[in-house]
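The values are calculated or read from the model by the stated rules, or taken from the named source; none is laboratory data. Computed from a predicted model, the values in this text were never measured in an experiment. We place every Cβ from the backbone using ideal geometry, glycine too, and count neighbours over all the protein chains shown. Areas reflect the complete protein model, heavy atoms only, side chains present, ligands, DNA and RNA absent. Shrake-Rupley method; radii C 1.70, N 1.55, O 1.52, S 1.80 Å.
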Amino acid sequence: MGQLSPLDQDKMAEVAQICMAHSATSLNALIRQVITVSPPSVKVVNSADIKNILMAFGMGSVTVQIDYKDDFHGNNLLMLKENDVKVIMDLMMGGAGTAVPGELNEMHLSCVSEVMNQMMGSSAIALTEMIHKTVDINPPKATLVNAKEDVESIDILPFPGAEMVIILSRFEAAKLLKGIMIRIFPMEEVRFICDNFKMR
C-alpha cells in the first residue's frame, strides 16, 4: 500500500483541521455551544479498511454522508450516536440539550442532515480557498446504522480508486455530545490538494 510523505501527511492534517474549524463554527451557530475539535488522524487505506473503520465507529450511530460535485472527488461522513442526535435537535429548538426518550424519526434525520449540510457548506468554502479550485457538495444522505447491512448501504466510495486517504476528526460540544467526522479522498485528489495547498 502506498504512503504519504511526512510533509503531505502534515498538509492533509492541516487542511482537515482548517475545514473542521469552519464546520465547528457552523455547528456552534446552530446549537449555540462551544465546539472542541481534536487533532485529526491521517491514514492511507483501501476500501476494505474503510468498511472496517465504519463498522468500528458507526454501529449504533446516525451516519450522514455528503460527497462532492463535478470533478472534485471525496466523501464526508458525520457519525453521531442516537442520543447525541436527540441532544442536537433539542438544542436547535432552543432547549437545554435534553435527549427525549423514544426512537429516532424522520424529523431527527432531517435535523442532523441539515447540520451536516451547514457544516460541509462552510468546509467546502474553506477548501475552495485553500486549493484554488471550486469545491461544491451534493445533498446529505442520513442512515441509521444498526447492522452490517446498514453500513453496506452507505455509498462509501462514490469515486474510483484502489487507495485512499482517510482523515478522522473527533469533536464535542460542551460535554453535551460527541461526534466523529470522517473525510475520504482518492489518492489522485490528495496529490492535487498537496500540490496546491500552502501550509501556514
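Filtering region 155-196 down to residues that are aliphatic (A, V, I, L, M) and part of a loop (DSSP other than H, G, I, E, B), which residue is least open to solvent (accessible area, probe 1.4 Å)?
The initial filter retains those residues of region 155-196 that are aliphatic (A, V, I, L, M), namely 156-157, 162, 164-168, 173-174, 176-177, 180-182, 184, 187, 190, 193.
Filter once more, keeping what is part of a loop (DSSP other than H, G, I, E, B): 156-157, 162, 174, 176.
Details: ILE156: 8, LEU157: 48, ALA162: 80, ALA174: 51, LEU176: 60 Å².
Going through the qualifying residues, I end up with ILE156.
When MET199 is evaluated against the numbered criteria (1) among the hydrophobic types (A, V, I, L, M, F, W, C); (2) open to solvent by 30 Å² or more (accessible area, probe 1.4 Å); (3) part of a helix (DSSP H, G or I), which criterion, by number, is the only one it fails?
Tallying (1) among the hydrophobic types (A, V, I, L, M, F, W, C); (2) open to solvent by 30 Å² or more (accessible area, probe 1.4 Å); (3) part of a helix (DSSP H, G or I), MET199 fails exactly one: (3).
Check whether at least one residue in region 138-157 is of a type in the set (A, V, I, L, M, F, W, C), modelled with pLDDT of 95 or more and under 15 Å from the mean Cα position of the chain (by Cα), and report yes or no. Steps first, please.
Keep residues of region 138-157 that are of a type in the set (A, V, I, L, M, F, W, C), which gives 142, 144-145, 147, 151, 154, 156-157.
Then drop every residue that is not modelled with pLDDT of 95 or more, which leaves none.
No; the residues of region 138-157 include none that is of a type in the set (A, V, I, L, M, F, W, C), modelled with pLDDT of 95 or more and under 15 Å from the mean Cα position of the chain (by Cα).
Which members of region 115-146 meet the condition of being open to solvent by 30 Å² or more (accessible area, probe 1.4 Å) and without any contact (Cβ under 8 Å) to a residue 60 or more places away in the chain?
ASN117, THR128, GLU129
Only residues in region 177-194 that are touching a residue at least 12 places away in the same chain (Cβ under 8 Å) count as the first member; pair them with residues that are among the charged types (D, E, K, R) and assigned to a helix (DSSP H, G or I), Cβ under 6 angstrom, at least 6 apart or cross-chain, and list the lot.
Partner pairs satisfying both residue conditions: LEU177/ASP84; CYS194/ASP8; CYS194/LYS11.
If you check every pair at least six apart or on different chains, which have Cβ atoms under 6 Å apart with a residue in region 8-20 that is under 21 Å from MET116 (Cα atoms) and open to solvent by 20 Å² or more (accessible area, probe 1.4 Å) first and a residue that is in a helix (DSSP H, G or I) and modelled with pLDDT under 95 second?
So the pair list comes out empty.
Taking ALA48 as the residue in question, decide whether it is among the hydrophobic types (A, V, I, L, M, F, W, C), open to solvent by 50 Å² or more (accessible area, probe 1.4 Å) and out of contact with any Cys (no Cβ under 9 Å at 6 or more places or on another chain). Working first, answer last.
Numbers: among the hydrophobic types (A, V, I, L, M, F, W, C): yes; open to solvent by 50 Å² or more (accessible area, probe 1.4 Å): yes; out of contact with any Cys (no Cβ under 9 Å at 6 or more places or on another chain): yes.
For ALA48, the condition - among the hydrophobic types (A, V, I, L, M, F, W, C), open to solvent by 50 Å² or more (accessible area, probe 1.4 Å) and out of contact with any Cys (no Cβ under 9 Å at 6 or more places or on another chain) - is met.
Could you list all residues from region 51-64 that are surrounded by fewer than 22 Cβ atoms within 10 Å (Cβ to Cβ) and either among the aliphatic types (A, V, I, L, M) or at pLDDT 95 or above (or both)?
ILE53, MET55, ALA56, MET59
Does ILE184 qualify as being among the aliphatic types (A, V, I, L, M), more than 13 Å from GLY58 (Cα to Cα) and in contact with a helix residue (DSSP H, G or I) (Cβ under 6 Å, 6 or more places away or on another chain)?
Working: among the aliphatic types (A, V, I, L, M): yes; more than 13 Å from GLY58 (Cα to Cα): yes; in contact with a helix residue (DSSP H, G or I) (Cβ under 6 Å, 6 or more places away or on another chain): no.
Answer is no for this residue.
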